[in-house]
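The numbers here are math on the coordinates, done by the rules we state, and not lab data. The structure presented is a predicted model; accordingly, all values stated were derived computationally and were not measured. Neighbour counts are summed over all protein chains in view; Cβ atoms, including those assigned to glycine, are modelled from backbone coordinates with ideal geometry.
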Amino acid sequence: MSTTLTQPRQRKREVIEKAVIRFCGDSGDGMQITGSQFTNTVALYGNDLATFPDYPAEIRAPAGTLPGVSGFQVHFSSSDVYTPGDSVDALIAMNPAALKMNLTELKPNGILIVNLDDFGETDLRKAQMTSNPLEDHSLDGYRLFPVELTKLTRAALKELGLDNKTVDRCKNFFALGMCYWLYNRSLDTTLRWIEDKFKTKPALVAANRTAMQAGYSYCEATEAFQISYEIPPAKLAPGLYRNISGNSALAMGFVAASQKAGIPLFLGSYPITPASDILHELSSYKNFGVITFQAEDEIAAVTSAIGAAYAGALGITTTSGPGMSLKTEALGLAVAVELPLVVCDIQRGGPSTGLPTKTEQADLLQALFGRNSEAPIPVLAPSSPGDCFWIALEASRIAIKYMVPVIILSDGYLANGAEPWKIPSVADLPEVPVHFETNPVDFQPYRRNPKTLARPWAIPGTPGLEHRIGGIEKQDVTGNVNYEPLNHERMVRLRAEKVAAIVQEVPDVVPAGDPSGDLLIVAWGSTHGPITGALKAQREKGRRIGHVHLRHLNPLPKNLGEVLGRYDRILVPEMNMGQLVMLLRAKFLVDAHGYNKIQGKPFKQSEIERKIEEILSADGRI
Amino acid sequence: MSTATLLPPLTKKDFQTDQEIRWCPGCGDYAILSAVQSVFPELGIPRENFVVISGIGCSSRFPYYMNTFGFHTIHGRAPAIATGLKIARPDLEVWVATGDGDSLSIGGNHTIHMLRRNVGLKVLLFNNRIYGLTKGQFSPTSEIGKKTKSTPFGTTDRPFNPLALAIGVEATFVARSVDVFQQHLKDTLRRAAAHKGSAYVEILQNCNIFNDRAWETLTEKDARSEHVVQLEHGKPLIFGKNRDKGIRLTGLELEVVQLGNGITEKDLLVHDEQHPRPAYAFMLAHMEQKPGFPTPIGVLRAWENVPRYEDLINAQIREVQEKRGKGDLEKLLHAGDTWEVRA
């Protein structure tokens, strides 16, 4: 299907490398859908991209107010994209509150489209503005396009005979249509989506389609815009791509792990932002035999998964910080009874309820050490939305092979952010071997595999393997209750050695950039994008710097200490008060320095670059 | 199972472990263990299909003494762990051993949600009205005013009535027995075993160290028949040494009556464990709280036609698989819009 709206135009069309666009408006204005649609369209066109959905914790704060502002930023490019963009080329603000909350992100002389119909006195008052920015010259430094979005949408839809409320809810698609004109994109992808989404409501198909086409035609007809932009496709590695968010990738990764392992997937979960989408997505995969159990609380979520793992399923649980705290005791049980379990902590700002919809990396030390007594747990962290798929597979494989609970530390930014993802072939996915013990001859529940130190997975229903496990200290080999001092020390050491042995699964780190030099950046998780961008930019300026991004936080890669020694300085950027840096200093006795941002927002590339330059110039290197 | 019929029948001994039992001498738990070990071999279930799950407390050491699969978990969480197990393996016979602190205090939330879902678990609530393993604090079933280590001036807590709680959350099988009433206890366990959904069995159990004689009025030989009424489906509620007292329903009130003088068995309340109104079982559960009334034991409620949670979950999976076909991973990874980047 194609539209009739793509006839050649006389106006100037400029080819540019990249653009950052941000849609912002009220929580009820549909900004997340608008941003997602723009993302899908540029993705299908072949641009590299990164997104940053930024929405409030309140479902609907009072309309037009500052706390109700929701935004969605897309960075799309013909070259590699590492971040959603430090600043914005085009800002679409649906009301004064959105303008006020987002204007600082807009570049000087950037494109600013605002809904002129929403700048009345009441609207300004709700946004706590004392004068009208459209009239007081405060926007003189931008290319301002005040558009009567509400009136124009109503005019376009008046034939359809819909009520005003429904009509006004289509104005985001009018704005989207304008953006498609501005960046020379076809409406086809979104038209297909509209038809699918509202297939049972033909009136809404017509309304949204008409609004979007009207927005496009408006630009075409009014000559408000004298220029449009063309961003050619990026040169990604050959292959078949789709767009993917971190939470979606985790969900699919677990389905893949379950299929590869040949055992059912059991998710025990309790709704919590920003992890709930994993529960939503997995609950739709029942045709894969996936069992989703929405438990009565976070504790039942993890303990039901332990029960399912005991039964021989791939038991997983998904949560965020407050839920992680509640699961703590159960994780200790999983350590003691040595059953496979994967726990996903989609980190958000804390402490306590904190910033439910904002990102942070401050649960690292909790994941590593936040249990009573000696209870080591392997910890993995994905570095991008697409990497979440591979981390889910890797965590499941380790949990089963070593009979151990594993924690995955994702975060709000990875969870909701999206990127193009090269679709792997199922044949290329790693195997996840499972062995259930069946031999009753001389069976001992805590006799270990000499290479992995894993105990056997002996599931109920297996004749001759009846045995008892529990949280009380067990005798080595037999698993019987045992309180002897030397046995306890032996078991504590065995559990630690088993987790340490997982290092045989961890590839040696190979720094990006310079293999040795003035500065090494060590980081983990979602900071990968801005650091990669900064590294590239700074190396182009001749700096000798490297970057190690840790996917395995416990155990750490074997050669990490040696790599740290190859650089004069070590910088550890983290969205916390300095947790990995504390670990590196303690473990390797190196003079590593933290760079910490705790604002609920990811690092900007420019912030990392500035820090690199600050360190190197203090050393007299630049 | 066909293999089970080829093997010699199981005996009580098959369910005993080689582990030294670490309950205090004289503890009521021994009697409960003995009853369970007697009943399990009768059920025609292969030993490897039994799983006993417990939380924390004296009673929760139970799995160590049962030669089945066993999991001694953490405080209060046994129902949640057992729920995960039962959903993943509906074919297993899963029993939960728990106490008044474990089930009704720290694990209260899991208990009520397990019962409302009707997960196919058999729950043995060892109710001794005290915290034993932590050496003598009051529990959520301790009587108000009770002096314990943590309440030297008496508790100010109103206690739970465990059966009323279970009935209140629509539990499908609710029963009560007493540790020393071995025959009655075994009969009750058999009934619980035969029930498909959640079976909640309160066992009045004596802690001879920290709360000795808590149930003395029910268990003393001479007093027993005056203070206990045994519920039997389809039979009138009669008690007393000479079986000369009965319970009559007048309006919405239960009333103790003396048989004779024109009052016959026909005037008495006839027990209906399948009574469709929750109010009926609720009234029985509250009976002993009224002065002069006996304590009811036996099956208060048995609703057999409520589907089991694990069956519903697994049926839904099968339905979706039949409708959509079994999941194809390759298709899942390629779902939605895709685009090709050429070399």
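If I model the protein assembly as shown as equal point scatterers sitting on the Cα atoms and use the Debye formula, what is log10 I(q)/I(0) at q = 0.08, 0.09 Å⁻¹? Computed log10 I(q)/I(0) values: -0.87, -1.02.
Taking the stretch B:75-216 as the region of interest, the number of lysine pairs whose Cα atoms are within less than 13 Å, with members eight or more places apart or on different chains, is 4.
Per-residue Cβ counts within 10 Å, from other chains only, averaged over A:240-249: what number is that? Walk me through the intermediate numbers first.
Working: counts 6, 5, 7, 4, 2, 0, 0, 0, 2, 0.
Partner-chain Cβ atoms within 10 Å, mean over residues of A:240-249: 3.
Please report, ordered by residue number, every helix of chain A (full DSSP H runs) that is 15 Å or longer along its axis going by C-alpha atoms and whose mean Kyte-Doolittle hydropathy reaches 1.0. Once both thresholds are applied, what remains is A:298-310. Projection of the Cα convex hull of the stretch B:268-334, averaged over all directions and equal to a quarter of that hull's surface, yields 8.0 nm².
Where does chain B land on the Kirkwood hydrodynamic radius, alpha-carbon pairs, in angstrom?
Values: mean 1/r = 0.0459 Å⁻¹.
Evaluated on chain B, it is 21.8 Å.
Dipole magnitude for chain B: computed about the Cα centre from +1 point charges on Lys and Arg Cβ and -1 point charges on Asp and Glu Cβ, it is near 260 debye.
Positive end of the dipole of chain A (Cβ unit charges, origin at the Cα centre): among A:GLY349, A:PRO376, A:ASN184, the Cα lying farthest that way belongs to A:ASN184. Across the stretch B:136-152, rounded Karplus estimates of 3J(HN,Hα) from the backbone phi angles (6.51 cos²θ - 1.76 cosθ + 1.60, θ = phi - 60°) give x, 9, 5, 10, x, 10, 5, 5, 4, x, 5, 8, 9, 4, 9, 9, x Hz, Gly and Pro being marked x.
Each listed q (0.19, 0.27 Å⁻¹) maps to a log10 I(q)/I(0) for the stretch A:340-388 from the Debye sum over equal C-alpha point scatterers, namely -0.76, -1.17. Distance from the C-alpha centroid of the stretch A:527-570 to that of the stretch A:45-64: 30 Å, rounded to the whole angstrom.
List the lysines whose alpha-carbon lies under 16 Å from that of B:LYS266, not counting same-chain residues fewer than 8 positions away? Straight-distance partners of B:LYS266: B:LYS235, B:LYS245.
In chain A, the DSSP beta bridges split such that about 35 percent are antiparallel, to the nearest 5.
Pairs of Cα atoms nearer than 8 Å and 6+ residues apart set the relative contact order; for the stretch A:512-618 it is 32 percent. Whole-percent P(r), the stretch A:512-618, all Cα pairs, 5 Å bins from 0: 2, 13, 26, 28, 20, 9, 2.
For the pair the stretch A:214-259 / the stretch A:298-321, the C-alpha centres are spaced 35 Å from each other. The mean number of partner chain beta-carbon atoms within 10 angstrom of a residue's beta-carbon across peptide A:283-290 is 6.
Using the Cα gyration tensor of the stretch B:1-122, with a ≥ b ≥ c the square roots of its eigenvalues, what is the shape: rounded (a/c below 1.5), prolate (a/b larger than b/c) or oblate (neither)? Show your work: numbers first, answer last.
Values: a/c = 2.33, a/b = 1.20, b/c = 1.93.
Cα axes put the stretch B:1-122 in the oblate bin.
About the centre of its Cα atoms, the stretch A:512-618 shows a dipole size close to 200 debye [charges on the beta carbon of Lys, Arg (+1) and Asp, Glu (-1) only; nearest 20 debye].
Net charge near B:THR148: determine it from the other residues with C-beta under 11 Å of the C-beta of B:THR148, scoring Lys and Arg +1 and Asp and Glu -1.
Details: positive: B:ARG129, B:LYS135, B:LYS146, B:LYS147, B:LYS149; negative: B:GLU143, B:ASP157.
Neighbourhood net charge equals +3.
In Å, what Kirkwood hydrodynamic radius results for the stretch B:73-165 from the alpha-carbon pair distances? List each step's numbers first, then the result.
Working: mean 1/r = 0.0715 Å⁻¹.
Hydrodynamic radius (Kirkwood, Cα only) of the stretch B:73-165 equals 14.0 Å.
Look at the Cα gyration tensor of the stretch A:242-425: its axes a ≥ b ≥ c give a/c under 1.5, and that counts as rounded. Distance between the C-alpha centres of the stretch B:113-151 and the stretch A:427-442: 41 Å, rounded to the whole angstrom.
Could you size up the charge dipole of chain A around its Cα centre, putting +1 on the beta carbon of Lys and Arg and -1 on that of Asp and Glu, and report it in debye to the nearest 20? Each step should come with its number before you reach the end.
Numbers: 62 positive and 67 negative charges, 145 e Å.
That gives a dipole near 700 debye.
With the highest mean first, a sort of the peptides A:513-523, B:69-79 on other beta-carbon atoms found within 10 angstrom per residue produces B:69-79, A:513-523.
Just the number, please: percent antiparallel of the DSSP beta bridges in chain B, rounded to the nearest 5. Provide the component values of the computation, followed by the final result.
Details: 18 of 49 bridges.
Counting DSSP beta bridges with both partners in chain B, the antiparallel share is about 35 percent.
Between A:LEU584, A:PHE443, A:VAL481, the Cα set farthest toward the positive side of the dipole of chain A (charges on each charged residue's Cβ, about the Cα centre) is that of A:PHE443.
Between helix B:78-88 and chain B there is an angle of about 40 degrees, using the helix long axis and the longest principal axis of the Cα atoms.
What value, in deg cm²/dmol to 500, does the helix sum -39500 (n - 2.57) over DSSP H runs of n ≥ 4 give at 222 nm once divided by the residues of the protein assembly as shown?
About -10000 deg cm²/dmol.
The mean sequence distance of close C-alpha pairs (under 8 Å, at least 6 residues apart), as a share of the length of the stretch A:92-131, puts its relative contact order at 55 percent. Mean sequence separation of contacting Cα pairs (under 8 Å, at least six apart), scaled by the length of chain A, corresponds to a relative contact order of 12 percent.
Oblate is the label for the stretch A:154-221, because the ratio a/c of its alpha-carbon gyration tensor axes (a ≥ b ≥ c) is 1.5 or higher and a/b is not greater than b/c.
Any of A:LYS260/A:LYS401; A:LYS18/A:LYS536; A:LYS12/A:LYS100 with alpha carbons more than 20 Å apart? Name them for me. Walk me through the numbers on the way to the answer.
Working: A:LYS260/A:LYS401 13 Å; A:LYS18/A:LYS536 16 Å; A:LYS12/A:LYS100 31 Å.
Those over the limit are A:LYS12/A:LYS100.
Counts of other chain beta carbons within 10 angstrom of each beta carbon in peptide B:322-333 average 5.
Taking packing as the residue-averaged number of other Cβ atoms within 10 angstrom, the listed peptides A:160-169, B:199-208, A:366-375 run from highest to lowest as B:199-208, A:366-375, A:160-169.
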